[in-house]
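Step one of this worksheet: look at the structure below.
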Amino acid sequence: METISVDVRFINPFIRSVHNVFKTMCRLEPRVGKPYVKVSEEPYADVSGVIGFSGDASGSIVLTFMFDAASKIATAFAGVPITPEHRDFADAIGELANMVAGNAKKEFGEGLSISISLPNVIVGSHHAISPSKSHSIIIVPCETDMGSFNVEVSMVMEKKSVAAKAQPVGAAV
Amino acid sequence: MKVMLVDDSRTIRNIQRNVLSQLGYTDIVEAGDGVEALARMAEGMPELMLIDWNMPNMDGITLVRKIRETNKTIPLIMVTTEAEKTRVIEAIKAGVNNYCIKPFTVESLGEKINQTLGKATAAATA
């Protein structure tokens, strides 16, 4: 079993943000499983909301869903039925990803200048997001009463934060 | 009272529209970015604006600065995922009257709107 170092500065803010966003906007309480390193194209997804980070920390966060969970969660978010055919389906998933990214960003450390991109949403049955050759993707599996989703985090600190201290933890893969 | 919602997410505009409706505001116009907002303003000035930060074509902070070049009084609320203190300060310096961080509850957004209109009314009558 190989052990790699995972910087919790990048993972815990996303976990807290997922809780905050899903509880506030969807009235859902996500149950977060053990984060792990993505080593292949799996797990596949039907819908992926992607946000890029640039500046003192760079990388991306992807919220990935299967259609059924995405539809139910988007409906809970929007307050109206949102099927995958609905014109606001991708918009709702993109905005959820945007909120999770934005909320996590503030915890990366004061004094850091980090920008987030506008959301991109990939909709396509059983698509794959390949791990980068240079950066690890950490998958945070999440379960809700309306279905499961994953948060795929791939972040690199370009500049040391003055406020935040690195707290590496071991993650078994 | 005419309210303008400026956000590139139609889902968010719909949620905000529902909040405003619950508060009794039904005269609502929408824009998907800063450029569209300025065009809509030329057609008729709103009396309150809710403005997202990150948008295509023209972002919210640029829109706020452009509005404040010619209009110092219209109440502006930034509604955004940008939660760092530096961003809040930047927005206040640019001229927003209030700041609401996404995610928001119906109650928290409603409170920001009422607070802003209360302050704006008090300032106008002072």
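Read-outs: derived from the displayed coordinates by stated rules, not from any lab. Since the model is a prediction, treat every value here as computed from it, not as a measurement. Neighbour counts are summed over all protein chains in view; Cβ atoms, including those assigned to glycine, are modelled from backbone coordinates with ideal geometry.
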Within the stretch A:103-114, which residues are surrounded by 14 or more Cβ atoms within 10 Å (Cβ to Cβ) and in contact with a strand residue (DSSP E or B) (Cβ under 6 Å, 6 or more places away or on another chain)?
A:Lys105, A:Phe108, A:Ile114
Test set (1) part of a helix (DSSP H, G or I); (2) loosely packed, with under 15 Cβ neighbours inside 10 Å; (3) in contact (Cβ under 8 Å) with a residue 40 or more places away in the chain; (4) not basic (Lys, Arg) - B:Glu69 fails condition number:
(3)
Please enumerate the residues belonging to the stretch A:136-150 that are surrounded by 14 or more Cβ atoms within 10 Å (Cβ to Cβ) and out of contact with any Lys or Arg (no Cβ under 8 Å at 6 or more places or on another chain).
A:Val140, A:Ser148, A:Phe149, A:Asn150
If you go through B:Thr86, B:Thr81, the only one that is within 14 Å of chain A (Cβ to nearest Cβ) and either within 12 Å of the chain's Cα centre (by Cα) or closer than 21 Å to B:Glu107 by Cα (or both) is B:Thr81
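Give the residue, chosen from A:Ser54, A:Ser48, that is surrounded by fewer than 16 Cβ atoms within 10 Å (Cβ to Cβ) and in contact with a Ser or Thr (Cβ under 6 Å, 6 or more places away or on another chain).
Working: A:Ser48 fails: surrounded by fewer than 16 Cβ atoms within 10 Å (Cβ to Cβ).
Exactly one residue qualifies, and that residue is A:Ser54.
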Boolean, B:Asn18 is in contact with a strand residue (DSSP E or B) (Cβ under 9 Å, 6 or more places away or on another chain) and within 12 Å of chain A (Cβ to nearest Cβ):
no
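Going by the structure shown, is A:Leu118 facing chain B (nearest Cβ under 9 Å), in contact with a Ser or Thr (Cβ under 6 Å, 6 or more places away or on another chain) and assigned to a loop (DSSP other than H, G, I, E, B)? First the steps, then the outcome.
On the way: facing chain B (nearest Cβ under 9 Å): yes; in contact with a Ser or Thr (Cβ under 6 Å, 6 or more places away or on another chain): no; assigned to a loop (DSSP other than H, G, I, E, B): yes.
No; evaluated as a whole, the condition is false for this residue.
Does the stretch B:21-55 hold any residues that are part of a loop (DSSP other than H, G, I, E, B) and within 14 Å of chain A (Cβ to nearest Cβ), and which are they? Talk me through it step by step, then tell me what you get.
We begin by selecting, within the stretch B:21-55, every residue part of a loop (DSSP other than H, G, I, E, B); these are B:23-26, B:32-33, B:44-47, B:52-55.
Correct list: B:Gly32, B:Asp33, B:Asp52, B:Trp53, B:Asn54, B:Met55.
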Residues located in the stretch B:74-121, provided they are of a type outside the set (Lys, Arg), buried (at least 18 other Cβ atoms within 10 Å of the Cβ) and part of a helix (DSSP H, G or I):
B:Ala91, B:Ala94, B:Leu109, B:Ile113, B:Thr116, B:Leu117, B:Ala120
